[in-house]
Amino acid sequence: MKKSNIDDPFKEARETKGFGTMNDQNDPVTMILGHKDVRKCAHNWKTFQSGGDEIGRIVVPSEVHIRDTRQIPFEVDPPQHKSYRDLVEPWFKRPLEEEYQEKLTDIISIIVDEALTKGSMEVVSEFALKLQSRALTLLLNIPFEESELWISWGTHVFRSEDTALDGDKANILYDYIDAQIDKAIANPGVDLYSKLLASEIDGKSLTKEEVKGVLILTFAGGRDTVINAITNTIAYFADNPQALQQLRDQPEHLNSAIEELLRYYSPLTQMGRVVTEDTQVCEHAIKAQSRISMCWASANRDERVFENPNEVVLDRKVNPHVAFGFGTHNCLGATHARQILRILLNTLTQKVGCMQITDAKENIEDLDEFNRKVGFDSLQVAFHKL
Ligand code: EMZ
């Protein structure tokens, strides 16, 4: 089997009952698996809540024990959600600007050139983590050098090699953000911290805690997800050199290729909600105060919606994937993530002839009833110039 394949462990449960169950730190989660049900739940923010008092509980695995700052706008429900989202949305659309894309192209070219010069590279830490961290300096609009520190933190800001949820590690991020906020107060600049500190909602300035909430989301939400997307992209084109050639010949398929790869990888497996009233999903009773999750990865393989769901069809025509979530809380960082993938694919087609995976260690998520590959812990790849 090709190393880049990502199986669908949810198929049987999705087809027979429509949900699965997972015991996460003694706070069970009913995982909703079908595309239609997932979208219905994502839409119904009154019954399936993101806000609520228990900060971190909608994340699976739950972050209640390692976080007490509310991520914004991620952990806020309508109608307050809209004010925050409207405030940050224009900033997170900056990746559409030409200057931003030029800088991102430079960042990506340097890494691809380095891989070609070295000839062989460990893609997770040497390629994807560096690329994600360096690109984040553009999203925050701060100096490039700052990325060195974030690279030293490793691929997940809350997880370390032997601990799934590492409070000490999380504190490094929180202390760092606090310090950056204080710096921006003392010396305002053109960065995201300063921008938020100067912003108001209904005539009231954002508090330090609110600014911190946006920044934690920006650091945590787009880290392992982006790293997985980049690594899986390299693995896919290493396994399928003809696909790289196809994109070289038909660059007009670039955008559909990106959406298809996102559907297939689904870098974020699921996202939870807290249930506000006794209800039912897939004819299964769900109690108030319990948790559900919308399993994007399963919905994206739903054969009722996607023909040949387990195949990567780079020019797939209709592709209503939910890799970036769905509804009110759809991913704020999606524009940035898409630009990274677009420029990465472009650069690969221009510079790389072919790649070979020489060693790989898969990253498997343990979801109790299911095991799902999300990417790699390490991926050694040989790069060959075009
Ligand atoms: C949260 C989440 C957001 C969470 C879009 O997902 O990403 C996870 O990786 C973080 O751990 O805190 O930001």
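The values are calculated or read from the model by the stated rules, or taken from the named source; none is laboratory data. It should be emphasised that the depicted structure is a prediction, and the values quoted were computed from it without experimental measurement. Note that each Cβ is placed from the backbone with ideal geometry, even for glycine, and that neighbours are counted across all protein chains shown. These area figures cover heavy atoms from the full protein model, side chains too; ligands, DNA and RNA do not enter into them. Shrake-Rupley method; radii C 1.70, N 1.55, O 1.52, S 1.80 Å.
Data table
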read-out: Near pairs, Cβ below 9 angstrom, 6+ apart or cross-chain, from segment 65-78 (closer than 14 Å to Leu206 by Cα and open to solvent by 20 Å² or more (accessible area, probe 1.4 Å)) to any residue that is part of a loop (DSSP other than H, G, I, E, B) and within 12 Å of the ligand (Cβ to nearest atom); value: Arg70/Ile55; Arg70/Gly56
read-out: Answer from Thr349, Thr358 - the residue that is over 16 Å from the mean Cα position of the chain (by Cα) and assigned to a helix (DSSP H, G or I); value: Thr349
read-out: Matching residues in segment 157-209 - criterion: being modelled with pLDDT under 95 and open to solvent by less than 20 Å² (accessible area, probe 1.4 Å); value: Val157, Phe158, Ala170
read-out: Residue within segment 102-123 that is within 19 Å of Phe219 (Cα to Cα), at pLDDT 95 or above and surrounded by fewer than 16 Cβ atoms within 10 Å (Cβ to Cβ) present; value: no
read-out: Pair list, Cβ < 9 Å and 6+ apart or interchain, from segment 32-53 residues that are modelled with pLDDT under 95 to residues that are open to solvent by less than 60 Å² (accessible area, probe 1.4 Å) and in a loop (DSSP other than H, G, I, E, B); value: Gly52/Ile58; Gly52/Glu75; Gly52/Asp77; Gly52/Thr276
read-out: Flag if Leu139 is within 21 Å of the chain's Cα centre (by Cα), without any contact (Cβ under 8 Å) to a residue 60 or more places away in the chain and closer than 22 Å to Lys208 by Cβ; value: no
read-out: Verdict on Ile234 being open to solvent by less than 30 Å² (accessible area, probe 1.4 Å), within 18 Å of Gln356 (Cα to Cα), more than 16 Å from the ligand (Cβ to nearest atom) and at pLDDT 95 or above; value: yes
read-out: Qualifying residue in segment 296-303 (condition: without any contact (Cβ under 8 Å) to a residue 12 or more places away in the chain and small (Gly, Ala, Ser)); value: no
read-out: Any hit, segment 269-276, residues being more than 16 Å from the ligand (Cβ to nearest atom), outside any loop (DSSP other than H, G, I, E, B), out of contact with any Cys (no Cβ under 9 Å at 6 or more places or on another chain) and at pLDDT 95 or above; value: yes
read-out: Pairs where the first residue, in segment 147-163, is within 12 Å of Ser125 (Cα to Cα) and the second is within 11 Å of the ligand (Cβ to nearest atom) and at pLDDT 95 or above, C-beta under 6 Å, 6+ apart; value: Thr155/Ile227
read-out: Cβ-Cβ under 6 Å pairs, at least 6 apart or on other chains, segment 258-287 side at positive phi, far side aromatic (Phe, Trp, Tyr); value: Ser266/Trp296; Cys282/Phe19
read-out: Listing of helices (runs of 4 or more DSSP H) fully contained in segment 124-222 that carry 2 or more residues being among the aromatic types (Phe, Trp, Tyr) and within 16 Å of the ligand (Cβ to nearest atom); value: 167-186
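This table checks each residue for (1) more than 21 Å from Asp366 (Cβ to Cβ); (2) among the acidic types (Asp, Glu); (3) touching a Ser or Thr at 6+ places or on another chain (Cβ under 9 Å); (4) not in a loop (DSSP other than H, G, I, E, B).
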position	(1), (2), (3), (4)
Met1	no, no, no, no
Pro9	no, no, yes, no
Met31	no, no, yes, yes
Arg39	yes, no, no, yes
Gly51	yes, no, no, no
Ile55	yes, no, yes, no
Glu63	no, yes, no, no
